[in-house]
Amino acid sequence: MLTLLLNTIMAIDTIIEKKSKVTDTIKAPGKFKVVVCNDDVTPVEFVISMLVMVFRHNEKSALELTLKIHESGSAVVGIFSHEIAEQKALDATNLARANGYPLIIKVEPE
């Protein structure tokens, strides 16, 4: 029995694998813009309060952004990671719909 065991051990080949280094380049996750579009129905006061509540702007910057939205047709109200941008756009849209306004909020890559 011992002879059989020794023959079996000697018959096993050792496999040596060459290890190679793998270098991965990891990109930082992209940022996304939340864009509020102008419409003829949503009042300025609602847009200002929405910017303060959802996007945490102060009253002054919210007023400036609202005027830019009105004059230019749209404005970037924040730049976030994809998940946060989507959530803030959804929160702002839900708030607008709950108040009966057709405000359009888009998420675009930066």
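The values are calculated or read from the model by the stated rules, or taken from the named source; none is laboratory data. Since the structure is predicted, the reported quantities are computational estimates derived from the model, not experimental observations. Note: ideal-geometry Cβ built from the backbone for every residue, glycine included; neighbour counts use all protein chains shown.
Quick notes
- Candidates in the stretch 61-92 are the residues that are under 15 Å from residue 33 (Cα atoms) and among the β-branched types (Val, Ile, Thr); of these, the one that is surrounded by the most Cβ atoms within 10 Å (Cβ to Cβ) is 77.
- Pairs with Cβ under 8 Å, 6+ apart, first in the stretch 69-95 and more than 14 Å from residue 51 (Cα to Cα) and among the polar types (S, T, N, Q), second at pLDDT 95 or above and in a helix (DSSP H, G or I): none
- Selection within the stretch 67-78 - out of contact with any Phe, Trp or Tyr (no Cβ under 7 Å at 6 or more places or on another chain) and under 18 Å from residue 31 (Cβ atoms): 74, 75, 76
- For the stretch 65-99, taking the residues that are in a helix (DSSP H, G or I) and among the polar types (S, T, N, Q), the one that is farthest from the chain's Cα centre (by Cα) is identified as 72.
- Residues being of a type in the set (Gly, Ala, Ser) and more than 22 Å from the chain's Cα centre (by Cα) - total across the stretch 44-64: 2
- Leading residue by the ranking (modelled with the lowest pLDDT) among those in the stretch 1-53 that are part of a loop (DSSP other than H, G, I, E, B) and of a type in the set (Asp, Glu): 13
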